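Working notes, structure below.
The values are calculated or read from the model by the stated rules, or taken from the named source; none is laboratory data. All values reported here derive from a predicted model rather than from experimental measurement. As a convention, Cβ positions derive from the backbone with ideal geometry for all residues, glycine included, and neighbour counts pool all protein chains shown. Side chains included, ligands, DNA and RNA excluded: accessible areas come from the protein's heavy atoms. Shrake-Rupley method; radii C 1.70, N 1.55, O 1.52, S 1.80 Å.
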Amino acid sequence: MSELRLFNSLTREVEPFVPRRGPRVGMYACGPTVYNYAHIGNFRSFLYGDLLRRALRHFGFEVESVMNFTDVDDKTIRGARAAGLPLGQFTQTFIDAFQEDMETLGILKQDQQPRATDHIPEMIVLIERLIAKGLAYRSDDGSVYFRIAALPEYGKLSRLDKEGLRPGARVAGDEYQKEAYGDFVLWKAWVAEDGEVAWESPWGKGRPGWHIECSAMAMRYLGEELDLHCAGIDLLFPHHENEIAQSEGATGKPFARCWGHCAHLMVDAQKMSKSLGNLYTVRDVLAKGYTGRELRYGLIGTHYRQTLNFTWEGLDAARVALGRIDNWIGRWQVLEAASIWIGHPAGSAFLEKFSAALADDLNISGALGHFFDFIHETNRQLDQKKSVPDLPAIWRQVDAVLGLGERVISIPADIQDLADRRAAARAAKDWALSDTLRAELDGLGWNIRDGAKGQELVQK
């Protein structure tokens, strides 16, 4: 099998993926800030992480995955206050919704999915380590900031132009642009707007800054050195830059061997925004009659480092592509065992091409291209009544990466009754009635396939 190579945002190169401990991979993905329903742009990033995790397993790696919930930050506190709810009650609604959406999209469950509010002690210890090393200080307002001037390598991930930009004194907000970079907050002193959201610390009552949360949780579950850290490109600066500063400043070790970032998602060639009315959630897509499988296919089918332009026409195309896959599956599901040639060379040749595409920095479009070529060729073999490769086993390997699953068909009672009557007619060798019932089913949008295992209903 080909060697897996991934683009590393830190080196800006595609390079062999080599974890520290042989086949074992510690993988951290930045999870959602649970102040609202996650939108499809968020889920493009989470699906990238899922595809990456599945691909790692395909190449024989043993993955330990961690994705956090940011359940305390500026946004969650503002949202809870506006809703008149305790922070935990407010965020739980969106945690539940996020988990439902993840299941809808076929995203594998994480090995660990910690909440920031459950790991305040780890954050306090990490901040104390930074203060002890002279990398952090308590300001006059009681907050604690990271001293970026004390870390010469600060900015290496985002290629921060420290010569061309003049840092400000301090940045208290969680999110900001490169032009406003400065000493960033690790611990925020309590203010009245925080309400009851506060924890005691050596620096007084307050709460953690956003960036320290991920560093503390990642190291809590995966150790001080990660093999892989991934998220959307929007988190590269300042979040990931600050994670590196905090983590490497405290430990003196490289925080992550490989950094992966997924490009933005556009909608009809425009940036998503509430004002344009194109900020779609998974629930919005389902309400338009599409399925989680179709949305998953539409969001993973473009290479993760390319901007994806989401359109409803694109989802229609995803539906057609899945229909081709489902029809192919339906054809071989009714085959007799004698029609399967376990050692068919075409099967191993296809899997090698599929794997080689994935090994090239998750070239999913190339992998899908090989897959549809394979579907075309094996359909032709089925038409000619020739032996085919072990299609069930090959599909299991492919779908372990793609995560598409198989179409679940709910057959209406009247359709099933017609099919049962046709099966009885065939058993009685009443071919005229059998043909009449087939035609009736065809007119209602259902095809019937006859095979060694009996008849199968397929919705058009």
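A single member of Arg331, Arg319 is modelled with pLDDT under 95, part of a helix (DSSP H, G or I) and among the basic types (Lys, Arg), and it is Arg331. Residues considered: Leu382, Leu335, Leu362, Leu418. Of these, the only one that is in contact with a strand residue (DSSP E or B) (Cβ under 9 Å, 6 or more places away or on another chain), touching a residue at least 60 places away in the same chain (Cβ under 8 Å) and farther than 29 Å from Glu103 by Cα is Leu335. How about region 405-416: which of its residues are open to solvent by less than 80 Å² (accessible area, probe 1.4 Å) and either farther than 21 Å from Asn327 by Cβ or in a loop (DSSP other than H, G, I, E, B) (or both)? Matches in region 405-416: Gly405, Ile409, Ile411, Pro412. For region 322-334, the condition holds for no residue, the condition being that it is among the charged types (D, E, K, R), more than 20 Å from Trp446 (Cα to Cα) and open to solvent by 30 Å² or more (accessible area, probe 1.4 Å).
So, in region 417-441, of the ones that are acidic (Asp, Glu) and loosely packed, with under 14 Cβ neighbours inside 10 Å, which residue ends up farthest from Val458 (Cα to Cα)? In this case the residue turns out to be Asp435. Looking only at region 274-303, residues that are within 19 Å of Ala317 (Cβ to Cβ), among the small types (Gly, Ala, Ser) and in a helix (DSSP H, G or I) come to 2 in all. For region 17-67, a residue qualifies if it is under 21 Å from Phe90 (Cα atoms), under 13 Å from the mean Cα position of the chain (by Cα) and outside any helix (DSSP H, G or I), and the qualifying residues are Cys30, Gly31, Pro32, Ala38, His39, Met67. Contact annotation: residue pairs with Cβ atoms under 7 Å, 6 or more positions apart or on different chains, pairing a residue in region 81-97 that is among the polar types (S, T, N, Q) with a partner that is in a helix (DSSP H, G or I) and open to solvent by less than 50 Å² (accessible area, probe 1.4 Å), are Thr91/Thr76.
Annotation: of all residues in region 92-116 being more than 17 Å from Ser65 (Cβ to Cβ) and in contact with a Leu (Cβ under 9 Å, 6 or more places away or on another chain), the one that is least open to solvent (accessible area, probe 1.4 Å) is Thr104. Restricting attention to region 30-38, does a residue exist that is open to solvent by less than 50 Å² (accessible area, probe 1.4 Å), under 16 Å from Gly292 (Cα atoms) and at pLDDT 95 or above? Looking through region 30-38, at least one residue is open to solvent by less than 50 Å² (accessible area, probe 1.4 Å), under 16 Å from Gly292 (Cα atoms) and at pLDDT 95 or above.
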